[in-house]
Amino acid sequence: MKKFSGAGFTNLSSMLAREDLGQLLVGGREMVLSLNMSDISEMIGKVRSCFFLFLIQFSLIPWFIPKECDNYIKSMHRTDDGNLYVCGTNAFSPSCDYMSFNNSHLVMENRRDFGTGKVPLEPNQRHTSLLVDTLYSATFTDFWGTQPVVQKSGPKTIKTDSSGSWLNDPTFASMSLVETGTNSEEGEDDSIFLFFTEKALERDRTLVSRVARVCKGDIGGRKALMSRWTSFLKARLDCPIGQGALPSLVQDVYLLKDQHDWRNSVFYATFTSQSDSCSQSAVCAYKVSDIIRAFNGPFWSEYGSSPLEEELPYPRPGACINDAMRARGFQSSLDLPKETLQFVKENHLMATVVRPLTGGPLLVQSDTTFTKIVVDRVTALNGEEHPVMLIGTDSGWLQKAVKLNGEDGRVLEELQLFQAPHPIDFLQLSSSTGQLYTGFNDEIIQLNTRDCSRYKFCSDCVLARDPYCGWDMVQQRCTSVAGLQSGSVIQDIADGDVSMCPKSDSKPFDIPLTVGISQLLPCSVDSNLPVSWWYHGRIISPGPRHTVLKQGLLIEKPTEADAGLYSCHTMETVKGKPHYKMVFQYLLRVKKDQDLIYLLTPSVCLSASLFGFVSFQAIFMRLRNRCLATGEKMYHQDQDHQPSEMRTSSCSFSRSPSVFSLSTSVVRAQPSWWGIPL
């Protein structure tokens, strides 16, 4: 993980990855920075964006007038010529400008553009925008957030009507272009999709999730709906979570495009529940063709309780101009008849509810609030593609999850990105390099989604079924499979078959057992998998004499009958079948006299206490030093590695209520010697 902070940058409010330039652009308060995408700790350049303030409109509320510039950069988009179109709040008077690159350094061109309707006036208002030839935006045109608008900027601005039936107290989530005109047999226009929540008039103003669509080529009507959308349609978006009566609310959406057929492209969306008693989040997926089908279906009365049954005029209200319409003289939306325009002005809601592609969520979690999502299409060694979901939460955790065929979605990894629990409001993914970028306030973070180093052993690597990772039989490490052929790398996404891994001839650690003195057998794992302890092949049930701790297994006052073979296992369920992996194995033997290095009996301890604390410490340190001086050769081994000789002390100290002794103890990967702490 790499980080950037400094240069006076604060209040992160926008982010754009320019893979063509190898730069990550971040916008904040009064500033835009360009960072090296390969290593964001390297700043390439910065430019201040302090526009002139027009505050006359706020003369009635002078407490809003800031003492400083207060221009928050809320949107950055790549223009057709490779430059940037940047918009900021500009102290409640939104303004836009162009930025160019001079020898990779940002330069403000000072070509000011009016910004109202492109970004919000208030920095904390949610908005979304998209630049396709011109800027499409969904935002608010007033400080209080009571005047929402979905707008197409340009020589002729097209926007939603101010009627509450178009947008009713919305919260905007995401906007995407789908090139529905590509390879279209009907010669249709491309479509802009908008995801948001609003108060549903047809459901007593209950908050619901929506998906809306407008046609890219829509230029409004000639008389009716002049400078207004003639293609604005919306449908309810469903993502069922639990048994709650209230619908879940969409938070963010990512479009994973199908390069061969836009109909197979999929929207991945994060949702949160509205229940106060049971907070849940989910990810649902929607196929573009299913959404299009909903917009071609029946209409629903905004205030009614059933679909509209009246005959629709021609051309169909809300439809994009296609070849059949052009053949009948409707070359653009300006040519649409008033019957079509009047109908779509009054009716925007579709009767068909858009359901998830799989019938339900891909992933559900309780007591977690999902915020942002990006999805990476990862090709496994066998050529199969798997969508890997990278999900941010409101507490600063990043989850990497996957949904395999016939299985529930599962989290492969969780990372805490910030020291304090800040929300993840930005995610930018470079699919070509696997680098992910995020940040909060004055800190920008870069991490490698293809990092497989946390899987230390072959069994870990294969059993994880992480599409990014495979075990290199030659290098003996878990590595990224990006761009690799099978060769010496093994991977089994379907079943996680660990029998593919080389067999291990590891032997158990030989541990002397002192009767009557409690013994701790350490087991430290680098995952959240459940741990179980086995004795001669049978699972040990916790009881008065066996306590399973986070550090290992504690055997209280052992007897000679407790000698034998102990093993620590992690367990992972794959397709309903448990897979156990042995992490440590110990052979406890009853300690003989010659194995005792030193033994302090209770009477010795009592005598030592008479000397006071200082005298006792001196005796104790002399015993410890004597033990360290008699170090012996031990063998460090684990399940997937051959033993490697290492010289270290074989001593550690354990304590019972009345007896101190020196006992032999071992540990695996971490060179720290375990025992019951003093």
- Task: State yes or no: is Thr230 in a loop (DSSP other than H, G, I, E, B), out of contact with any Asp or Glu (no Cβ under 6 Å at 6 or more places or on another chain), within 27 Å of Ala327 (Cα to Cα) and of a type in the set (Val, Ile, Thr)?
- Result: no
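Here's the yes/no breakdown for (1) surrounded by fewer than 20 Cβ atoms within 10 Å (Cβ to Cβ); (2) part of a loop (DSSP other than H, G, I, E, B):
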site: Leu415; (1), (2): yes, no
site: Pro421; (1), (2): yes, yes
site: Ile424; (1), (2): no, yes
site: Thr433; (1), (2): yes, yes
site: Asp460; (1), (2): no, no
- Identity of the residue in segment 300-359, part of a loop (DSSP other than H, G, I, E, B), surrounded by fewer than 17 Cβ atoms within 10 Å (Cβ to Cβ) and acidic (Asp, Glu), that ends up modelled with the highest pLDDT: Glu311
- Task: Search segment 95-107 for residues being over 31 Å from the mean Cα position of the chain (by Cα) and modelled with pLDDT of 90 or more, and hand back the single one that is nearest to Asp20 (Cα to Cα).
- Result: Phe101
- Which of the residues that make up segment 95-116 are in a strand (DSSP E or B) and either under 19 Å from Ile44 (Cβ atoms) or in contact (Cβ under 8 Å) with a residue 40 or more places away in the chain (or both)? Ser95, Asp97, Tyr98, Met99, Ser100, Phe101, Asn102, His105, Leu106, Val107, Met108
- Message: Please pick out the residue among Leu35, Leu25 that is at pLDDT 95 or above, closer than 23 Å to His127 by Cα, surrounded by 20 or more Cβ atoms within 10 Å (Cβ to Cβ) and among the aliphatic types (A, V, I, L, M).
- Response: Leu25
- Message: List pairs: first residue in segment 507-532 and closer than 15 Å to Cys568 by Cα, second residue of a type in the set (Phe, Trp, Tyr) and outside any loop (DSSP other than H, G, I, E, B) anywhere in the structure, Cβ distance under 7 angstrom, at least six positions apart or on different chains.
- Response: Pro508/Tyr586; Phe509/Tyr586; Ile511/Tyr586; Leu521/Tyr566; Leu521/Tyr586; Cys523/Phe584
- Message: Being free of Cβ contacts under 8 Å to residues at least 40 places away in the same chain and closer than 25 Å to Leu12 by Cβ is true for just one of Pro148, Pro123. Which residue is that?
- Response: Pro148
- Message: Out of everything in segment 574-599 that is surrounded by 18 or more Cβ atoms within 10 Å (Cβ to Cβ), modelled with pLDDT of 85 or more and out of contact with any Pro (no Cβ under 6 Å at 6 or more places or on another chain), what residue ends up being nearest to Gly516 (Cα to Cα)?
- Response: Leu588
- Message: For segment 484-498, which positions are under 12 Å from Asp460 (Cα atoms) and of a type in the set (Gly, Ala, Ser)?
- Response: Gly496
- If you take the residues of segment 117-138 that are of a type in the set (S, T, N, Q) and either assigned to a loop (DSSP other than H, G, I, E, B) or touching a strand residue (DSSP E or B) at 6+ places or on another chain (Cβ under 6 Å) (or both), which of them is surrounded by the fewest Cβ atoms within 10 Å (Cβ to Cβ)? Asn124
- Per the filter on segment 363-403, residues outside any strand (DSSP E or B) and in contact with a Pro (Cβ under 9 Å, 6 or more places away or on another chain) are Thr369, Ala380, Glu384, Asp394, Ser395, Gly396, Lys403
- Message: Residues that are of a type in the set (Asp, Glu): list the strands (runs of 3 or more DSSP E) wholly contained in segment 480-540 that include at least 1 such residues.
- Response: 509-513
- Query: Condition test on Ala282, is it within 21 Å of the chain's Cα centre (by Cα) and in a strand (DSSP E or B)?
  - Reply: yes
- Message: I'd like to verify a number: residues in segment 140-198 that are touching a strand residue (DSSP E or B) at 6+ places or on another chain (Cβ under 9 Å), more than 17 Å from Phe114 (Cβ to Cβ) and either in a strand (DSSP E or B) or among the aromatic types (Phe, Trp, Tyr) (or both), how many?
- Response: 19
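The values are calculated or read from the model by the stated rules, or taken from the named source; none is laboratory data. Computed from a predicted structure; not experimentally measured. For neighbour counting, all protein chains shown are included, and Cβ atoms are generated from backbone atoms with ideal geometry for every residue, glycine included.
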